[in-house]
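Notes follow once the structure below has been shown.
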Amino acid sequence: MSKFLKAFLFVSLVFAPFAASAVTVASWGGAYTESQQKAYADTYSDPGSIVFENYNGGLGEVRAQVESGNVTWDLVDVLPSDAITGCDEGLFEDISSEIASMGVPGPDGESIAEDMEANGLNYHSGWDCCVPQIFWTYVVFYDPDAFPGEKPDSMADFFDVEKFPGKRGIHTWADGIIQKALVADGVEPNAVPTVFANQTGAIDRAFEVMDKIKDHVVFWSAGSQPLELVKSGEVVMAVAYNGRVGAANLAEGENFEYIWEGQVLDQEYLCLTTGSPNREAALDFMMHASSPESQAEQAKYITYGPMRASGIPIIEANEPWGPGGVDIMPHMPNTPERLKVSIVNDPQWWSDNGAEISERYSAWMGN
Amino acid sequence: MEDCISTSALLTTDGVPLKQSLKKAERKNKLRAFLLVFPLLLFIIVTFVMPIGDMLFRSVDDSQINGVFPNTFNEYKKWDKEKDVLPPEEVYKALFEELAYGEKIQIGRALTRMNYSKSGWKSLIKTTSRQIKKAVKKDELPNNYKEFLISANEKWADPTFWYAMGQMVNNTTPIYYWNALDRTYDQDQNVVMQDEKRRIYIKTWIKTLKISVYVTIFCLILGFPVAHLLANLPLRYSNLLMIFVLLPFWTSLLVRTTAWIVMLQQNGVINGILVWLGILSDDGRLQLVYNETGTLIAMTQILLPFMILPLYSVMRVIPKSHMRAAQNLGAKPATAFWRVYLPQTIPGMSAGGLLVFVLAIGYFITPELVGGKDGKLIGHWIAYHLKTTLNWGLCAALGAILLGVMLIFYWLYNKIVGIDNIKLG
């Protein structure tokens with residue numbers, strides 16, 4: 001054996017344990033990643049082995065890493081449509097058998113998939129490569145001080161600028177608001193995805209509803225902006241991520257009201273990148289992060305709901321679950337009565353139609 | 001001939017013809033010089049030529065999907081659209097087989113591609129694939145593939161899906177460039193305008209150019225006096241002033257952008273002052289941010305140092321005596337400025353102008369945050385397709401057009417001002 005080879009072997013043996021132990025998780029940053037750190041990593045058997053890295057969503061970087069063979073992210077926190085595309089394209093590894101065998105069962109032995117189905121979700125190919133995280137929603141909120149008299153409480157009110165004058169804050173992309181528009185037009189929230197999928201002209205109908213508020217809209221593009229808009233009085237109501245509103249209420253002493261009707265529930269997944277350098281360790285952490293206990297734990301730090309149905313009873317049984325002895329359930333988006341008035345986003349339909357609608361939405365905004 | 005004779009006559013001391021010996025020595029020098037620049041050359045090739053080449057290649061490449069459905073596309077090309085409403089049985093059969101026996105991941109990638117040509121391909125193929133796999137597993141190959149597919153999903157009887165397939169049947173395609181200009185193919189592969197409700201790119205291109213030109217002009221108008229002041233004040237004051245120019249330059253881009261939101265929003269500082277002074281009524285507050293105006297204001301401020309610094313470095317070395325001499329010779333101050341001073345600042349103006357323009361045309365984060373409904377530039381769409389739709393072909397086409405626009409401006413600039421006239425210091 002040559003000297004060089006020996007030296008190489010020595011060095012790799014010395015450093016291998018370090019290299020293999022750090023599992024890199026790409027996530028969205030901010031309070032969300034902080035909640036993951038506390039609920040998943042800090043409760044893990046080896047907290048030091050998990051490193052979070054921020055990214056801005058989308059599969060661009062993942063595809064670049066997998067295509068170039070230089071994978072540095074072991075796990076990626078993604079939206080459901082990206083989970084589907086990533087799994088279909090092989091950017092994420094199909095670990096359906098590992099999820100079935102290694103997944104932490106619920107108190108009555110529910111598998112991960114059964115738990116998600118109990119929460120009203122249907123199988124999509126993202127389930128083959130990813131484990132569930134949280135439900136987050138696009139919810140409308142307002143400052144009650146802005147409405148001295150009657151308060152808005154429905155989507156119809158949000159789209160009615162005569163009854164409730166003032167500007168509305170909505171996002172610069174399409175998916176939340178165009179579904180809410182159909183609710184304002186009288187469609188049952190639960191039926192919105194099927195209406196979009198099966199009725200021709202449903203999209204036109206949604207755009208017509210949105211035309212009604214178009215001159216009264218301020219568009220935001222970063223999750224912190226709607227809070228600022230409502231606080232500064234720039235708008236009277238805004239669509240926002242419910243976790244941001246919850247944080248403002250719980251941590252910053254705000255008193256915002258939610259309009260749960262027509263909230264758009266969306267899913268969040270943790271997926272294993274194909275060619276992950278720490279595959280085994282990453283798999284082990286995935287199973288820990290998707291256990292009902294971890295999911296319930298996360299609700300302590302951010303008001304997003306566990307995607308596994310068996311996470312909810314843990315919170316309910318232990319209220320006050322939130323920091324400083326506050327009840328968390330009033331801020332959870334997926335309680336049974338709120339699910340009745342919710343739109344559950346259909347990621348498959350969006351991964352089919354998202355690009356086209358997004359172009360159309362931009363044309364609508366700019367006109 | 002004379003040349004030939006004279007060299008053969010001239011020999012060095014060791015008997016080698018002089019010309020050969022010189023050549024040898026020179027070759028060594030050349031090689032050494034080449035080796036010296038080689039790392040740099042390699043660096044440029046790896047970090048500049050290759051990525052741009054890759055981008056240009058991707059903007060026309062369609063080989064991945066052609067590797068997945070070669071037979072289907074071959075049969076497709078034989079389809080006579082005049083005669084039959086739907087493609088012939090062979091196309092359905094080839095598609096069935098390629099979906100049944102193809103590699104799952106390759107098909108997955110092809111699906112993403114297919115969805116760009118028409119929304120709905122993805123779930124159509126996915127649901128059909130499941131049925132096909134089931135049939136193959138049970139060893140029940142259909143007698144009529146057309147009927148099988150149509151019964152699996154009625155969209156297979158919808159000719160618009162088949163028309164959209166026509167975009168993909170060749171290894172190279174200009175379709176991404178057409179998409180980047182709001183155009184698409186009709187059923188006979190003629191280029192037609194995109195559905196009116198989806199036309200956004202041409203508008204965005206024009207807006208990008210417009211805002212870049214405006215930002216450049218505003219930067220010049222605002223930057224010129226500042227640079228002049230910097231160059232002509234006594235050192236004590238000019239140093240202080242320089243700090244004012246550089247301080248925002250060193251501040252994080254995000255901080256400055258957010259600061260502009262605070263300044264410009266309807267309940268922000270500027271509107272507040274205007275209302276307080278009675279210039280605006282409380283209901284008539286101006287919408288200064290989350291639109292084009294916001295983008296223009298924030299970008300001008302952020303790019304201003306890129307105009308001031310080259311201008312300043314050029315103005316500093318213009319001798320003050322020139323202006324005095326011109327006025328001594330009878331020119332009014334305005335004439336002296338116009339005919340003597342200004343022409344000497346052209347290298348600085350063009351360097352600053354080109355710099356600001358190039359930066360502005362590809363600007364992303366500031367328009368993204370303050371752009372709101374109509375202040376977003378083409379960079380927004382490049383990022384969107386790069387990350388969200390994964391339509392890297394369209395991304396590359398948008399990037400290539402951006403590069404082309406830059407080259408045109410560069411060429412124009414060279415024609416009008418001359419590239420030798422540029423000066424950064």
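The values are calculated or read from the model by the stated rules, or taken from the named source; none is laboratory data. Bear in mind the structure is a predicted one, so any value in this text is a computation, not a measurement. Cβ: placed from backbone, ideal geometry, glycine included. Neighbour counts: every protein chain shown.
Of all the criteria given as (1) touching a residue at least 60 places away in the same chain (Cβ under 8 Å); (2) part of a helix (DSSP H, G or I); (3) not small (Gly, Ala, Ser), the one not satisfied by B:Lys373 is (2). Under the condition of being modelled with pLDDT of 85 or more and in contact with a Leu (Cβ under 9 Å, 6 or more places away or on another chain), the residues counted in region A:300-327 number 3. Checking each residue in region B:330-372 for being more than 15 Å from B:Phe306 (Cβ to Cβ), buried (at least 21 other Cβ atoms within 10 Å of the Cβ) and among the small types (Gly, Ala, Ser) picks out B:Gly371, B:Gly372. Here B:Val68 qualifies as touching an Asp or Glu at 6+ places or on another chain (Cβ under 9 Å), at pLDDT 90 or above and within 27 Å of B:Ala397 (Cβ to Cβ). Checked against (1) crowded, with 18+ Cβ neighbours inside 10 Å; (2) in a helix (DSSP H, G or I), B:Leu274 meets all criteria but (1). Which strands (runs of 3 or more DSSP E) sit wholly inside region A:165-281 and have at least 3 residues that are buried (at least 18 other Cβ atoms within 10 Å of the Cβ) and away from every other protein chain (no Cβ under 13 Å)? The strands (runs of 3 or more DSSP E) meeting that bar are A:237-241, A:257-272. Of the residues making up region B:250-264, those that are loosely packed, with under 15 Cβ neighbours inside 10 Å and within 11 Å of another protein chain (Cβ to nearest Cβ) are B:Leu254, B:Val262.
Looking across B:Leu296, B:Leu280, one residue alone is in a loop (DSSP other than H, G, I, E, B) and closer than 30 Å to A:Met365 by Cα. It is B:Leu280.
Identify, from the list B:Leu394, B:Leu403, B:Leu398, the residue that is part of a helix (DSSP H, G or I), in contact (Cβ under 8 Å) with a residue 40 or more places away in the chain, more than 14 Å from chain A (Cβ to nearest Cβ) and within 30 Å of A:Glu67 (Cα to Cα).
The match here is B:Leu403.
How many residues are aliphatic (A, V, I, L, M) and surrounded by 15 or more Cβ atoms within 10 Å (Cβ to Cβ) when one looks only at region B:22-81? Before you say what the answer is, go through the steps one by one.
Filtering region B:22-81 down to residues aliphatic (A, V, I, L, M) leaves B:22, B:25, B:31, B:33, B:35-37, B:40-42, B:44-46, B:49-50, B:52, B:55-56, B:60, B:65, B:68.
Right, trim to surrounded by 15 or more Cβ atoms within 10 Å (Cβ to Cβ) and you get B:55-56, B:60, B:65, B:68.
Of the residues in region B:22-81, 5 are aliphatic (A, V, I, L, M) and surrounded by 15 or more Cβ atoms within 10 Å (Cβ to Cβ).
Scanning region A:208-228 for residues that are hydrophobic (A, V, I, L, M, F, W, C) and more than 22 Å from the chain's Cα centre (by Cα), we see that the one that is nearest to A:Ile177 (Cα to Cα) is A:Met210.
Elements of the type helices (runs of 4 or more DSSP H) sitting completely within region B:59-144 and holding at least 2 residues that are within 14 Å of chain A (Cβ to nearest Cβ), closer than 27 Å to B:His385 by Cα and not charged (D, E, K, R): these cover B:63-68, B:104-117, B:121-137. Scanning region A:317-328 turns up at least one residue that is of a type in the set (A, V, I, L, M) and crowded, with 21+ Cβ neighbours inside 10 Å.
When each of A:Gly233, A:Gly253, A:Gly201 is tested for being on the phi > 0 side of the Ramachandran plot, touching a residue at least 12 places away in the same chain (Cβ under 8 Å), outside the structural domain of A:Ile99 (by TED's automatic domain parsing) and out of contact with any strand residue (DSSP E or B) (no Cβ under 9 Å at 6 or more places or on another chain), the lone residue that passes is A:Gly233. When A:Pro323, A:Pro313 are screened for being more than 14 Å from chain B (Cβ to nearest Cβ), in a helix (DSSP H, G or I) and over 29 Å from A:Ala174 (Cβ atoms), only A:Pro313 passes. The lone criterion from (1) surrounded by fewer than 14 Cβ atoms within 10 Å (Cβ to Cβ); (2) under 27 Å from the mean Cα position of the chain (by Cα) left unmet by B:Thr112 is number (1).
Over 19 Å from the mean Cα position of the chain (by Cα), surrounded by 16 or more Cβ atoms within 10 Å (Cβ to Cβ) and in contact (Cβ under 8 Å) with a residue 24 or more places away in the chain, is that true of A:Asp157? Judged against the criteria, A:Asp157 is a match. Suppose we filter region B:145-184 for residues that are touching a residue at least 40 places away in the same chain (Cβ under 8 Å), among the polar types (S, T, N, Q) and assigned to a loop (DSSP other than H, G, I, E, B); how many remain? Going through region B:145-184 one residue at a time, the tally reaches 3. Every condition in (1) surrounded by fewer than 24 Cβ atoms within 10 Å (Cβ to Cβ); (2) away from chain B (no Cβ under 14 Å) holds for A:Tyr123 except the one numbered (2).
Figure legend. Inter-residue proximity from region A:350-364: first residues more than 7 Å from chain B (Cβ to nearest Cβ), second residues polar (S, T, N, Q), beta-carbon distance below 6 Å, spacing 6+ or different chains. Indicated pairs: A:Trp350/A:Ser81.
Can you confirm whether region B:217-237 contains a residue that is closer than 30 Å to B:Met323 by Cβ, of a type outside the set (S, T, N, Q), modelled with pLDDT under 90 and outside any helix (DSSP H, G or I)? Yes: one or more hits. Checking every residue in region B:174-195 against the condition of being more than 10 Å from every other protein chain (Cβ to nearest Cβ) and within 24 Å of A:Asp346 (Cβ to Cβ) gives zero matches.
Okay, residues lined up against (1) more than 13 Å from chain A (Cβ to nearest Cβ); (2) closer than 22 Å to B:Thr345 by Cα; (3) acidic (Asp, Glu):
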site: B:Gln266; (1), (2), (3): no, no, no
site: B:Gly278; (1), (2), (3): yes, no, no
site: B:Gly284; (1), (2), (3): yes, no, no
site: B:Ala298; (1), (2), (3): yes, no, no
site: B:Gln301; (1), (2), (3): yes, yes, no
site: B:Phe306; (1), (2), (3): yes, yes, no
site: B:Leu311; (1), (2), (3): yes, yes, no
site: B:Arg316; (1), (2), (3): yes, yes, no
site: B:Lys320; (1), (2), (3): yes, yes, no
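When we screen A:Glu89, A:Glu150, A:Glu117 for residues that are over 20 Å from A:Asp266 (Cβ atoms), outside the structural domain of A:Val235 (by TED's automatic domain parsing) and not aromatic (Phe, Trp, Tyr), the only hit is A:Glu89.
For region A:133-153, the criterion of a residue being polar (S, T, N, Q), touching a residue at least 24 places away in the same chain (Cβ under 8 Å) and out of contact with any Pro (no Cβ under 9 Å at 6 or more places or on another chain) is satisfied by no position. Which residue out of A:Gly246, A:Gly305, A:Gly275 is within 30 Å of A:Asp115 (Cβ to Cβ), touching a residue at least 60 places away in the same chain (Cβ under 8 Å), of a type outside the set (Lys, Arg) and out of contact with any helix residue (DSSP H, G or I) (no Cβ under 7 Å at 6 or more places or on another chain)? The unique qualifying residue is A:Gly305.
Before we move on, is A:Tyr40 among the hydroxyl-bearing types (Ser, Thr, Tyr), more than 29 Å from A:Val341 (Cα to Cα) and crowded, with 22+ Cβ neighbours inside 10 Å? Criteria met by A:Tyr40. Residues in region B:308-352 that are small (Gly, Ala, Ser) and closer than 11 Å to B:Phe224 by Cα: B:Gly348, B:Gly352.
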